[in-house]
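The values are calculated or read from the model by the stated rules, or taken from the named source; none is laboratory data. Everything numeric here is computed off the predicted structure, so don't read it as measured data. Quick reminder, even Gly has a Cβ in these numbers, built from the backbone with ideal geometry, and neighbours come from all protein chains shown.
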């Protein structure tokens, strides 16, 4: 029998912008984890940014402006955090090859969010949105082609993990990438933000790093502009998470 997500909601107080990685540590003992949360005002970047020769200068400048930068373990690009930005983080254990697990994880989290949004009368679909920060094929977007606007961004990370006690027969063989893995799949949800102000901050990071990358404010959309009621959306998320076990969940100790 599949084990449902244990759902944790942290929206009243701000958490560290990389606190969701702690879910990985809970999975082996407690089973699938889900967290709905808000972070502190700041920006989060993948490790690739930290290799830039101007990164330390950029971090110092942004810190002085009240927008400190944190480094996350997952890939992707630059992502803002703070009031009005919700996060959905899902973590579970699964047997298989990392590439296969990763390919299935994005549609899984997108499907949960799409259904929750649809129950609140907002239709969305996975699309790349050129010009949005941290662009990817598994953004959730609204609108029509050529005019898509991003409302959700996604990222993920997978690590080798221990097998559940009843599945020790499934062990990794030499040269075989399959094995038990702990996954963390994450969504950044633009609930109630000022698109122009947020884009200015993300662009400032790129300017300080002297890159050619620039983001466009009209490529993102805050969900409150679409009439989304936060309480209704939170209830819809809880409902979807309560009926959606992790993909191919094979039981827990």
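Within the stretch 165-175, is there a residue that is touching a helix residue (DSSP H, G or I) at 6+ places or on another chain (Cβ under 8 Å) and in contact (Cβ under 8 Å) with a residue 40 or more places away in the chain?
no
Take the conditions surrounded by fewer than 18 Cβ atoms within 10 Å (Cβ to Cβ) and either closer than 18 Å to residue 195 by Cβ or touching a residue at least 40 places away in the same chain (Cβ under 8 Å) (or both) and apply them to residue 150. Does it pass?
no
Need pairs with beta-carbon distance below 7 Å; first residue on the phi < 0 side of the Ramachandran plot and assigned to a strand (DSSP E or B) and within the stretch 218-238, second modelled with pLDDT of 95 or more and surrounded by 14 or more Cβ atoms within 10 Å (Cβ to Cβ); sequence gap 6+ or separate chains.
Taking only residues 6 or more apart or on different chains, the pairs are 220/132; 220/149; 220/150; 220/190; 220/195.
Given the condition in a strand (DSSP E or B) and surrounded by 17 or more Cβ atoms within 10 Å (Cβ to Cβ), answer yes or no: does some residue in the stretch 163-175 qualify?
Of the residues in the stretch 163-175, the ones in a strand (DSSP E or B) are none.
The answer is no, given that none of the residues of the stretch 163-175 is in a strand (DSSP E or B) and surrounded by 17 or more Cβ atoms within 10 Å (Cβ to Cβ).
Residues in the stretch 87-97: is at least one in a helix (DSSP H, G or I), modelled with pLDDT under 95 and surrounded by fewer than 19 Cβ atoms within 10 Å (Cβ to Cβ)?
Scanning the stretch 87-97, I find no residue that is in a helix (DSSP H, G or I), modelled with pLDDT under 95 and surrounded by fewer than 19 Cβ atoms within 10 Å (Cβ to Cβ), so the answer is no.
With the condition kept exactly as written, say whether any residue in the stretch 177-190 is in a helix (DSSP H, G or I), on the phi < 0 side of the Ramachandran plot and in contact (Cβ under 8 Å) with a residue 24 or more places away in the chain.
For the stretch 177-190, residues in a helix (DSSP H, G or I), on the phi < 0 side of the Ramachandran plot and in contact (Cβ under 8 Å) with a residue 24 or more places away in the chain: absent.
Would you tally the residues in the stretch 59-73 being touching a strand residue (DSSP E or B) at 6+ places or on another chain (Cβ under 7 Å) and modelled with pLDDT of 95 or more?
7
Considering only helices (runs of 4 or more DSSP H) fully contained in the stretch 1-66, which possess at least 2 residues that are buried (at least 21 other Cβ atoms within 10 Å of the Cβ) and in contact (Cβ under 8 Å) with a residue 12 or more places away in the chain?
Of the helices (runs of 4 or more DSSP H) lying wholly inside the stretch 1-66, those with at least 2 residues that are buried (at least 21 other Cβ atoms within 10 Å of the Cβ) and in contact (Cβ under 8 Å) with a residue 12 or more places away in the chain span 22-30.
Taking the options 232, 242, name whichever one is out of contact with any helix residue (DSSP H, G or I) (no Cβ under 9 Å at 6 or more places or on another chain) and more than 25 Å from residue 63 (Cβ to Cβ). First the steps, then the outcome.
Working: 232 fails: out of contact with any helix residue (DSSP H, G or I) (no Cβ under 9 Å at 6 or more places or on another chain).
Exactly one residue qualifies, and that residue is 242.
Have a look at 79, 44, 27 and point out the one that is within 30 Å of residue 174 (Cβ to Cβ) and at pLDDT 90 or above.
27
Among the residues of the stretch 200-210, is any farther than 24 Å from residue 32 by Cα and outside any helix (DSSP H, G or I)?
Yes, the stretch 200-210 has at least one match.
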